[in-house]
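Asker: Sharing a structure here in structure tokens format.
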Amino acid sequence: MKTVFLKIKDFIGLPLRILLRNDQVITLGFTPLHEDRISVCMQYAQSPILDIGSGEANPFIKNNKIQGVGLDIHPFPGVNVCADAHYLPFLNNSFRTVSFITSFNLMKSPDLVLTEVKRVLCRDGVVLITVTNSFWLKLRLCSPLLGKERSVFTDKTRYGFSEERVERILVQNGFNIIKKIRFFFGVSQLIIATPENG
């Protein structure tokens, strides 16, 4: 849990936290954005969890010592399952939570991914998707301070699905939006959805 001092410091350093790489943010003593996203998602996650696009070190699952699987298409160190989210290698009704922490916009076919998510999600399960304000994403992409953060991202046009677009895709694929939470001083939003008839 953050101290009041760190919350104030993170607020004052907001522009740097957005524009700099995680290693630079940590060196300056700020909290990396990803840690804030994970902290917010943890409040709504139920085990077992499938974290799609878990990335390097699989922080959502491993840092919180929760029952779950970190899945990524790239064989990053710490990833539990290296697979394509469009064809999930899990049995039906395997997870109570499926999360996309800043990874939903990287899916080539969100409709196909959500069909798979609905299949592996328990009837009373939830989907957690974090979305970052498009203005801040564009600013971050233009930052000369950032350099190449992760070389696997090649299609920069896929960055930053708008909140409205994510909501529309969810509804079109049979999900109900049950809650939307703004966090990180309004820069990010958590969208929580459940399958219809769930």
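Asker: Could you put 19, 91, 28 in order, starting from the residue whose Cβ has the fewest other Cβ atoms within 10 Å? Show your work: numbers first, answer last.
Answerer: On the way: 19 17, 91 9, 28 12.
Least crowded to most crowded, the residues run 91, 28, 19.
Asker: Ok, one more. Show the residues, 5+ positions off or on another chain, whose built amide H is closer than 5 Å to the amide H of residue 68.
Answerer: Result for residue 68 returns 49.
Asker: If you don't mind, another one. Can you give the net charge of the other residues whose Cβ lies under 14 Å from the Cβ of residue 7, counting K and R as +1 and D and E as -1?
Answerer: 0
Asker: Still on this structure, please answer the following. In what order do 94, 103 fall by count of nearby beta-carbon atoms within 10 Å, going from fewest to most?
Answerer: Ordered from fewest to most neighbouring Cβ atoms within 10 Å, 94, 103 come out as 94, 103.
Asker: Assuming R0 = 35 Å, what is the FRET efficiency of residue 2 and residue 164, from their Cβ-Cβ distance, to the nearest 0.05?
Answerer: E between residue 2 and residue 164, to the nearest 0.05, is 0.70.
Asker: Pairwise over distinct Cα atoms, reciprocal of the mean inverse distance: report the Kirkwood radius of region 1-109 in Å, one decimal place.
Answerer: 15.0 Å
Asker: Order these by the 10 Å Cβ neighbour count, fewest first: 122, 82.
Answerer: Fewest-to-most Cβ neighbours within 10 Å comes out as 82, 122.
Asker: Within region 1-79, report the chymotrypsin sites (Phe, Trp or Tyr not before Pro) that DSSP leaves as loop and that have at most 15 other Cβ atoms within 10 Å.
Answerer: 44
Asker: Which entries of 118/179; 7/180; 7/108; 2/180 have Cα-Cα distances beyond 25 Å here?
Answerer: Check vs 25 Å cut-off fails for 7/108.
Asker: Which cross-chain or sequence-distant (5 or more) residues have an amide H under 5 Å from the amide H of residue 46, H modelled 1.01 Å from N in plane?
Answerer: 97
Asker: Hey, another quick one. So how much slack lies between residue 177 and residue 23, counting 0.36 nm per residue of separation and subtracting their Cα-Cα distance, in nm? Could you put the intermediate results ahead of the total?
Answerer: Values: separation 154, 0.36 × 154 = 55.44 nm, distance 3.45 nm.
So the chain would gain 52.0 nm between residue 177 and residue 23.
Asker: Can you work out the FRET efficiency for the pair residue 47 and residue 185, with r the C-beta to C-beta distance and R0 = 22 Å, to the nearest 0.05?
Answerer: 0.15
Asker: Run the numbers for residue 11 and residue 124: contour at 0.36 nm per residue of separation, minus the present Cα-Cα distance, in nm.
Answerer: Between residue 11 and residue 124, full extension yields 37.1 nm more.
Readers should treat all values here as calculations from the given coordinates under stated rules, not as data from a laboratory. For clarity, every value in this text was computed on a predicted model and none was experimentally measured. Quick reminder, even Gly has a Cβ in these numbers, built from the backbone with ideal geometry, and neighbours come from all protein chains shown.
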